[in-house]
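Report on one structure; see the data block that follows.
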Amino acid sequence: MELRHLRYFIAVAESLHFGRAAQALGISQPPLSQQIQALEQELGARLFDRTNRRVMLSEAGRLFLDEARQVLAQVDKAADVARRAQLGELGELKVGFTSSAPFNSSISTAIHAFRRAFPAVHLHLREMSSQEVADALVDKRLDVGLMRPLPLAETLHPVELFKEPLVAVINASHPLATAPGEGLPMAALAQEPFVFFPRSYGSGLYAQLLGLAREAGFSPHFAQEATETMTIIGLVSAGLGVSVLPASFRAIRIGGVVYRPLLDAAAQSAVWLVRRKEPGSAMAEAFTQLLLGHR
């Protein structure tokens, strides 16, 4: 049994006239009659009661008509799903991002625009370290990544979305919190204990902090480690040390913490949009273009 047999049958069943059904189908009447007879033989059931004056559905034909319509409707639905998925209008898009990404207006605006443009696409967002983002892209567990700079596998392609300044995170009672001037040089933190991500966490900021400290002539002492940015800021509020974070984290308001801009020229952190070099889905391409358009 082929789908065309069902379409032929439905056309005759709805018109109850072989001539009119053949005309609607764009075929001649004899082949249509032959196909209906072949269908009846395959089913082992008479679908129509025929006389010289009229054609009527048999009881078997009446019941078969409902099922045939459902089959063709499901086939049409499946074809539509495939077409929409190819166009990027259906499916799931998996995006990994570092913790500061949602605080940047260009990224949040692009995500909102994507949700409005593709409401049937499930946007699966996962907060991860930069290293976890890179690894998941290589393993094809993510479609798009938003991360801080790290060495990348050859199969990945980064595009810089933006740079943002780095700020010193200081307890409000610390003398550096009220030091004169618009900001602080990195060297001012040389004698301070640091609260920061552990090296093993895979944050793209870790190597940058070490580089800034080295340029300022010191090696930072890490007194406390935490994998969550909120925890780092909270520990600074508790007086356990200072930290250095992207300026977007100033949106997190925790009592007892002051954010001071770092004056060093290199005190900036980039955010990369990273994808695999191989062609991706239409959904990933649409999301990428929205991000690039809002940077």
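Please tell me if His124 is surrounded by fewer than 14 Cβ atoms within 10 Å (Cβ to Cβ), assigned to a strand (DSSP E or B) and either in contact (Cβ under 8 Å) with a residue 60 or more places away in the chain or not polar (S, T, N, Q) (or both). Steps first, please.
On the way: surrounded by fewer than 14 Cβ atoms within 10 Å (Cβ to Cβ): yes; assigned to a strand (DSSP E or B): yes; either in contact (Cβ under 8 Å) with a residue 60 or more places away in the chain or not polar (S, T, N, Q) (or both): yes.
Considered against the rule, which asks whether it is surrounded by fewer than 14 Cβ atoms within 10 Å (Cβ to Cβ), assigned to a strand (DSSP E or B) and either in contact (Cβ under 8 Å) with a residue 60 or more places away in the chain or not polar (S, T, N, Q) (or both), His124 comes out as yes.
In this structure, is Leu142 part of a loop (DSSP other than H, G, I, E, B), crowded, with 17+ Cβ neighbours inside 10 Å and either in the same structural domain as Glu278 (by TED's automatic domain parsing) or under 12 Å from the mean Cα position of the chain (by Cα) (or both)?
Yes: the conditions hold for Leu142.
Suppose the filter is touching a helix residue (DSSP H, G or I) at 6+ places or on another chain (Cβ under 6 Å), more than 24 Å from Val95 (Cβ to Cβ) and either at pLDDT below 95 or aromatic (Phe, Trp, Tyr) (or both); does Arg199 pass it?
yes
When you go through Ile36, Ile27, Ile10 one by one, which is the residue that is assigned to a loop (DSSP other than H, G, I, E, B) and among the β-branched types (Val, Ile, Thr)?
Values: Ile36 fails: assigned to a loop (DSSP other than H, G, I, E, B); Ile10 fails: assigned to a loop (DSSP other than H, G, I, E, B).
The match here is Ile27.
Among the residues of the range 165-202, write down those that are over 30 Å from Glu278 (Cβ atoms) and under 32 Å from the mean Cα position of the chain (by Cα). Let's see the steps before the verdict.
Quick first cut of the range 165-202, residues over 30 Å from Glu278 (Cβ atoms) only: 165-199.
The answer is Pro165, Leu166, Val167, Ala168, Val169, Val195, Phe196, Phe197, Pro198, Arg199.
Condition first: touching a helix residue (DSSP H, G or I) at 6+ places or on another chain (Cβ under 8 Å), in a loop (DSSP other than H, G, I, E, B), at pLDDT 90 or above and not acidic (Asp, Glu). Now tell me which residues in the range 264-295 satisfy that.
Matches in the range 264-295: Ala266, Ala267.
Of the residues that sit in the range 253-263 and are part of a loop (DSSP other than H, G, I, E, B) and touching a helix residue (DSSP H, G or I) at 6+ places or on another chain (Cβ under 6 Å), which one is surrounded by the fewest Cβ atoms within 10 Å (Cβ to Cβ)? Write out each step before concluding.
Start the filter on the range 253-263 by keeping residues that are part of a loop (DSSP other than H, G, I, E, B), which leaves 253-256, 263.
Imposing the further condition that a residue be touching a helix residue (DSSP H, G or I) at 6+ places or on another chain (Cβ under 6 Å) reduces the set to 254, 256.
Details: Ile254: 13, Gly256: 15.
Once the filter is applied, the top-ranked residue is Ile254.
Give the range 239-252 a look and list any residue that's in a strand (DSSP E or B), aliphatic (A, V, I, L, M) and under 20 Å from Ile107 (Cα atoms), or say none.
The answer is Leu245, and nothing else.
Output the residue which, of all residues in the range 175-208 that are touching an Asp or Glu at 6+ places or on another chain (Cβ under 8 Å) and part of a loop (DSSP other than H, G, I, E, B), is surrounded by the most Cβ atoms within 10 Å (Cβ to Cβ).
Only one residue fits best here, namely Phe197.
I'd like the residue in the range 79-121 that is among the charged types (D, E, K, R), in a helix (DSSP H, G or I) and at pLDDT 85 or above and, out of all such residues, is surrounded by the most Cβ atoms within 10 Å (Cβ to Cβ). I'd like the intermediate steps shown before the answer.
Initial filter on the range 79-121 (among the charged types (D, E, K, R)): 80, 83-84, 89, 92, 94, 115-116.
Then keep just the ones that are in a helix (DSSP H, G or I); that gives 80, 83-84, 115-116.
Next cut, at pLDDT 85 or above only: 115-116.
Numbers: Arg115: 11, Arg116: 8.
The qualifying residue surrounded by the most Cβ atoms within 10 Å (Cβ to Cβ) is Arg115.
The values are calculated or read from the model by the stated rules, or taken from the named source; none is laboratory data. Predicted, not measured: the structure shown is a model, and the values here were computed from it. Note that each Cβ is placed from the backbone with ideal geometry, even for glycine, and that neighbours are counted across all protein chains shown.
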